[in-house]
Structure formats: structure tokens, C-alpha cells
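For reference, the structure is listed below as C-alpha cells.
The values are calculated or read from the model by the stated rules, or taken from the named source; none is laboratory data. What you are looking at is a predicted structure, and each value in this text was computed from that prediction instead of being measured. As a convention, Cβ positions derive from the backbone with ideal geometry for all residues, glycine included, and neighbour counts pool all protein chains shown. Just so you know, the surface numbers come from the protein's heavy atoms only, side chains and all, with ligands and any DNA or RNA stripped out. Shrake-Rupley method; radii C 1.70, N 1.55, O 1.52, S 1.80 Å.
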Amino acid sequence: MCFFTSQYMQAEEIARKYGRRTERVEAARRMLAAREGETGTPAGGGRKTTVYDLRLNEGMYVSPAYAAPYTVIVSGSDQLQVMRWGLIPHSATVSEKERYVRENMYKNARAEHLFVSWPWRKLWQHRRCIVPVTGFFEPHYDETGLSRPYYIQRTGGGLFSIAALYDEWQHPDEGTVLRTFVMITIAASPKLREIHNGGAHPFRMPLILPDDRSEAWLASDTDTPEGVERFLVTPDDANLESWPVGKGFHYGDPYDPSKIERRELREPKQALIF
């Protein structure tokens, strides 16, 4: 499944594409900047504090799900939202919330399970959102079983929309509200099947929404199973391109553009360039 995205544009560019405002993003920037100025800020769950705990993922060439990055999200609101990757259901206790974070749970949701599996079945009707990205990463396994990451983007680059669900969790004692999301995945297209061909969950890809259908996905009157099901189809891959990247793409500086640079394979004939 997709556990790494790329989002190297600023929130203002996202706002222009989706016709949204940025006041909430600006407030989040100020909050995170103040937190970054503090010393010894804990990340929670015993983790070491990272850049993903203290900054938005805008301008980042790689954002890993396991780091629960603060992400710019598009919802039905006229404001861009800021949420963390890794759904925390609103009904979770404090100990459950900590376990979900610690065990990296609820990062992806299968489209086929939205109406029947908890917690998705509580969210599909009125908690849909969009993750705006510039690309994503998937592993490819060669005939020897060795894996190599590939980067996938819209042909020529640019923002595109991945369908997602979100929820709001309120701390029972502190009253603070945490907004989180889960990315929706679908059976892979023919080209993506060639790339994501192994691992624990092969032949999957993010549910990419066509530009002309993104607002309909968010619309409040899209509230029946039939209305939502029409979006749960494997995307057309004709306007996607991919190439192999370095095996250590998810380490080091996430703002480094070399994270998505093409890297030649030892045997070029194995490359799945399209």
C-alpha cells in the first residue's frame, strides 16, 4: 500500500488549484513554528521528535505515513485543513489513540471495505476529504525478490487528488481536538500492477480522483452508497509516469529534490518507465 507521498508545493498553490482559503494553514504554521522553537519538545509515543512533528509537509519531496506528518488537506470547507496522517477514530480512548499512533495503524483504507469495516463505515458518508500530492512512492520486486522504490507522478508534474477519509478526536481531559486522515487505496491499474507487485499488500494504488470529480467527492449531497461507489474505481493510468529512485529516498532531508530523481538500475532492462 501507499505509505510515502510527495508534496513539494506550498499551501498557496494548493489553495489556488482547489479554490480554498489558507487562514487555518497560516495558523498551523505559527503554532508549529512556536513548537519548533521550544527545546525538548516530545513527539509522543516515545518517538524522537522529527521535522514531521514540527512543520507542515508542504515543500517536502517525501512524507512517510509512519511519521504522521502534518498535512494540508482539502475538505468540503472553504478553508484548507491541516491534519495528521493516521486516522484516530473519534471514539478512541486515550490509550487506544496512543496505541494507534505507536503501531502505525489506520494509514490506508481499502476502497472495497468502506461500507462494511470499522471505522470506515462511520466516516464515508460525511467525512470525505482529499490529499493533494505531487506524487507517491511504491516498491517494485524483481525476479530475485529484491525491492526497488519507484516514484509515480502526473505526466509532466503538478498536483493531483487522492481520496481520503478523516475524523476528529477530542482529548477527554484537555479538550484539544486532533484531526486525522486515512488514505483510500484501490486495486492497481495495469501499469501500477507492474510496479507494486510484491510485499504484504501487492497490486494496490492510491485512489486518484480526476480533477473534474474532486468537488463531487467532497459534496455533502454525495451521501448514499451508490453515490460514493461511483468514485471507487481503479484510476486511468494514461496520464501517469514513473521511474526508479534511490533506495534511501525516505531518509535524510525531506526537502531535498534529489529524493525523486531518476536512478538507473543495475540492469536497465528491468526499469518500468512509462
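Summary of computed values
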item: Qualifying residue in segment 62-76 (condition: open to solvent by 20 Å² or more (accessible area, probe 1.4 Å), at negative phi and assigned to a loop (DSSP other than H, G, I, E, B)); result: yes
item: Residue match in segment 138-149 (condition: open to solvent by less than 10 Å² (accessible area, probe 1.4 Å), in contact with a strand residue (DSSP E or B) (Cβ under 6 Å, 6 or more places away or on another chain) and not acidic (Asp, Glu)); result: no
item: Any chance residue 157 is closer than 22 Å to residue 3 by Cβ and part of a loop (DSSP other than H, G, I, E, B); result: yes
item: Evaluation of residue 55 against (1) farther than 20 Å from residue 123 by Cα; (2) open to solvent by less than 20 Å² (accessible area, probe 1.4 Å) (one fails), failing number; result: (2)
item: Conditions (1) buried (at least 22 other Cβ atoms within 10 Å of the Cβ); (2) touching a residue at least 24 places away in the same chain (Cβ under 8 Å): number failed by residue 97; result: (1)
item: Condition met for residue 259 (more than 25 Å from residue 109 (Cβ to Cβ) and touching a residue at least 60 places away in the same chain (Cβ under 8 Å)); result: yes
item: Residue identified as modelled with pLDDT of 95 or more and more than 17 Å from the chain's Cα centre (by Cα) among 257, 268; result: 257
item: Contacts under 7 angstrom Cβ, first residue in segment 204-230 being touching a residue at least 24 places away in the same chain (Cβ under 8 Å), partner among the hydroxyl-bearing types (Ser, Thr, Tyr) and part of a loop (DSSP other than H, G, I, E, B), 6 or more apart; result: 205/189; 218/75; 228/222
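Residue-by-condition table, conditions (1) assigned to a strand (DSSP E or B); (2) closer than 25 Å to residue 18 by Cα; (3) touching a Cys at 6+ places or on another chain (Cβ under 8 Å); (4) modelled with pLDDT under 95:
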| position | (1), (2), (3), (4) |
| --- | --- |
| 82 | yes, yes, no, no |
| 87 | no, yes, no, no |
| 90 | no, no, no, no |
| 97 | no, no, no, no |
| 101 | no, no, no, yes |
| 106 | no, no, no, no |
| 109 | yes, yes, no, no |
